[in-house]
1. Using only the alpha carbons of the range 88-178, determine the length spanned along each of the three principal axes and report them from longest to shortest in whole angstroms.
2. At a threshold of 8 angstrom on Cα-Cα distance, excluding pairs fewer than six apart, so keeping six or more, what relative contact order does the range 19-74 reach in percent?
3. Once the whole set of protein chains is in place, how much accessible area is left on L104, using a 1.4 Å probe, in Å² to the nearest 10?
4. Rank E34, E50, E174 by mean-square fluctuation in a GNM of the chain with C-alpha springs under 10 angstrom and give only the top-ranked residue.
5. Ratio of alpha-carbon Rg to the 2.2 N^0.38 Å globular estimate for the range 150-270, to two decimals, please.
6. Across the range 1-55, how large is the tail of the calculated P(r) beyond 19 Å, expressed as a percent of all Cα pairs?
7. Quick one: ranking V222, V23 by accessible area, 1.4 Å probe, largest first, what do you get?
8. Heads up, I need the accessible area for L77: 1.4 angstrom probe, whole protein in place, Å², nearest 10.
Amino acid sequence: RWNLIPVYVILVITSAFIVAPLVLTVFAALKSPEQFLYAPWIPPRPPVFENFVSAWYKARFNIYFKNSVIISTIDALAMIFIATMAAYAFAFIRFPGNNLLLPLFLAGLMVPVTALILPLYAIMNSFGLINTHFGVILADLSLALPFFIFVIRAYFLSIPSELKDAARIDGASEFRIFWNVMFPLAKPVIITTALLEFLWSWNDLLLRLVFLTKDSLRTLTVGLLFFQGLHTRDVGGNAAAALILGGPIIILFVIFQRQFIQGLTKGAIK
């Protein structure tokens, strides 16, 4: 339709602004310093991979990548089970303090992370969790849990209650209803939870910078920060390091984009 042409023009322009920096970053990562100085906006001829090799081995990104994968994967898996069980309880189980605990959890969404760094550091230090992956994982889960409880609870409330009632009539326990009925039906929001928690954990800098001071325990975000500080003029190396950091997230969202949108929108009416 002709009346949609302005919409498509705006979308094309917006997409160009979004995609152009990524394309230029790929070009810079595949160029030698001489090629980049000659024409930054022209594709590399021929492409070189020395920048990736330098970032991966010389800048120890192979170690940082492994640490990021370990922390983010455990974060995502733990969040799936903790948040889904808590959301199910808040949605369907009546227990003392139910009406009080849910607003307290949601109040956690209003507190900025920077305001909690000092108390978190004091708690982690008292338990000996500084410079441990477990301490960072606990901090990640505690800070992100209120948001996912809110989202998953809304999704559970959008599922027809007749399914739960039928399972209860058949003699299913509360945990069996959760695990065999509700959990499989919540696949879209579970994938969304895993993706978002993985993304936030993967891209987080502040907690990793404060809690992980040993070089062997650092993640990609901290490694990229120090790499940029030491190689300010190495545009190709910085571009390659940025792609190593952002590449896995882009791939995950391309693969699971449909489930991600369904998980965010399902239950919104509730």
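1. Projected onto the principal axes, the Cα atoms of the range 88-178 cover 50, 25, 23 Å.
2. In percent, rounded to a whole number, it is 28.
3. In the full protein context, L104 sits at about 110 Å².
4. Judging by the Gaussian network model, the answer is E34.
5. The reported ratio for this selection is 1.52.
6. 45
7. Final ranking, largest accessible area leading: V23, V222.
8. About 100 Å², rounded to the nearest 10.
The values are calculated or read from the model by the stated rules, or taken from the named source; none is laboratory data. No experiment lies behind these values; they were computed from the predicted model shown. SASA here: full protein model, heavy atoms, side chains in, ligands and nucleic acids out. Shrake-Rupley method; radii C 1.70, N 1.55, O 1.52, S 1.80 Å.
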